[in-house]
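Everything on this sheet refers to the single structure shown next.
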Amino acid sequence: MKIKYIYFITLLLYGLQNMHSQNETPKKVNHDFELELEAEYRYFYDNALFEDQEDHFPSLAIRPEYAIDWNKGYESINFKGFFRLDVDDERTHWDIRELYYQKAKNNWEFSLGLKKVYWGVAESNHLVDIINQTDAVESFDGEDKLGQPMAQFTWITQKFGTFDFFYLPYHRKRTFAGKKGRLRFPTVIDKDDLTYESSAEEWRQDFAFRWKHYFDIFDIGLSHFYGNGREPLFVFDTTGNINAFYPTINQTGLELQVTHDAFLWKLESIYRHANAQDFFAAVAGVEYTFSNIDGNGLDIGILGEYLYDERDELALNALQNDVFFGSRIAFNDTQDTSILIGGIADLESSSTIFSLEASRRFGSSWTAEIEARIFNDIDNNELILSNFREDSFFRISISKYF
């Protein structure tokens, strides 16, 4: 499978190079290169639940970025890479986050290559965000994504909104923590052992569509995805063993955000159909921001959301009947200091997850981040989350930008 994927990347690189050479003119070509080097340390302070798991996880990460544009910026090639070296062998990984050619003309855009696309408005759970596979070993919150091979065509109109069409020729599997890693199941899951419902496996040709528009204070998005699901479907047998596969799904999503004064009212909902499972899920909430409290730019946002998932305890994100509460603090200073604190509480059990994320820039090229996740009083009946009940952790990272 890896050989096929590398072959696909090689063909893509060759095609992008040809596109650039065919469009070369004496006109100005702009180049931009950036590099981020990161040192990270994660500490899990509770005794491990499973054998062979470690407590201390120092790691190093490299994130290079390169962009070249020509034709007055209407054509470009963009690249974002990623590599991490970690104690957990499965978390030692590399990825091409983005490598795509883009052309814009009049009211349309065309992109070809590996790309990251984000959909959604909610804070605690990104239900509709289905184009890219989650990089599950990189972060717990699911916000890190793998690059997705695609062809994307965007048609922009003032009267009818924006229409996005996606052709997705290759599915990427989710990686799970290895034997030494935390936030894993009793059985170490090798991503290559996961199968597909489709006989075409990872080469099934997937499609997606999204329409977005705004009406006065309303921002709305409607989307549909048909293809290999990004979430594997887990089946637990009576002895605790795990069977998992990627189903073929149809998913319809709705995003709605209403902006009224300092309020942001948010809604995301999906209905997903598969031969093995149909379900509805939604997250709805509000964010209110107190602006410039101290006269020096301090903004404090208060967030609250309700999360519902018909899969109940089988929801892979363990958010089936929960409430999220939190606060976003932006100092708007020259150091770009920000803090996000919050918690998720299960309305049917005692399970609670607390979180903290903060970042601050030092000088012109250094950034420090801290993150904490605390799993508190997790109910043993939580089929997914109970495996993480001893995995509360603290993370600190320092990055240098070039």
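Of the residues making up region 53-73, those that are at pLDDT 95 or above and either charged (D, E, K, R) or not in a strand (DSSP E or B) (or both) are Gln53, Glu54, Asp55, Arg63, Glu65, Asp69. Looking across region 254-297, just one residue is among the aromatic types (Phe, Trp, Tyr) and open to solvent by less than 30 Å² (accessible area, probe 1.4 Å), and that is Phe279. Residue check: His93 meets all listed conditions (1) without any contact (Cβ under 8 Å) to a residue 12 or more places away in the chain; (2) crowded, with 16+ Cβ neighbours inside 10 Å but one, namely (1). The criterion of at least 1 residues that are out of contact with any Cys (no Cβ under 8 Å at 6 or more places or on another chain) and free of Cβ contacts under 8 Å to residues at least 24 places away in the same chain is met by the following strands (runs of 3 or more DSSP E) wholly inside region 178-270: 206-215, 233-236, 242-246.
Within region 90-108, is there a residue that is more than 24 Å from the chain's Cα centre (by Cα), outside any strand (DSSP E or B), of a type in the set (Phe, Trp, Tyr) and farther than 25 Å from Lys173 by Cβ? For region 90-108, residues more than 24 Å from the chain's Cα centre (by Cα), outside any strand (DSSP E or B), of a type in the set (Phe, Trp, Tyr) and farther than 25 Å from Lys173 by Cβ: absent. Based on this model, can you work out whether Phe140 counts as open to solvent by 30 Å² or more (accessible area, probe 1.4 Å), within 30 Å of Tyr41 (Cα to Cα), in contact (Cβ under 8 Å) with a residue 12 or more places away in the chain and assigned to a loop (DSSP other than H, G, I, E, B)? Against the criterion (open to solvent by 30 Å² or more (accessible area, probe 1.4 Å), within 30 Å of Tyr41 (Cα to Cα), in contact (Cβ under 8 Å) with a residue 12 or more places away in the chain and assigned to a loop (DSSP other than H, G, I, E, B)), Phe140 qualifies.
Gly295 meets each of the listed conditions (1) more than 18 Å from Leu222 (Cβ to Cβ); (2) part of a strand (DSSP E or B) apart from (2). If only residues of region 182-235 that are modelled with pLDDT of 95 or more, more than 22 Å from Phe279 (Cα to Cα) and basic (Lys, Arg) are counted, the one that is least open to solvent (accessible area, probe 1.4 Å) is Arg182.
The values are calculated or read from the model by the stated rules, or taken from the named source; none is laboratory data. The structure presented is a predicted model; accordingly, all values stated were derived computationally and were not measured. Cβ atoms come from the backbone with ideal geometry, glycine included; neighbour counts cover every protein chain shown. These area figures cover heavy atoms from the full protein model, side chains too; ligands, DNA and RNA do not enter into them. Shrake-Rupley method; radii C 1.70, N 1.55, O 1.52, S 1.80 Å.
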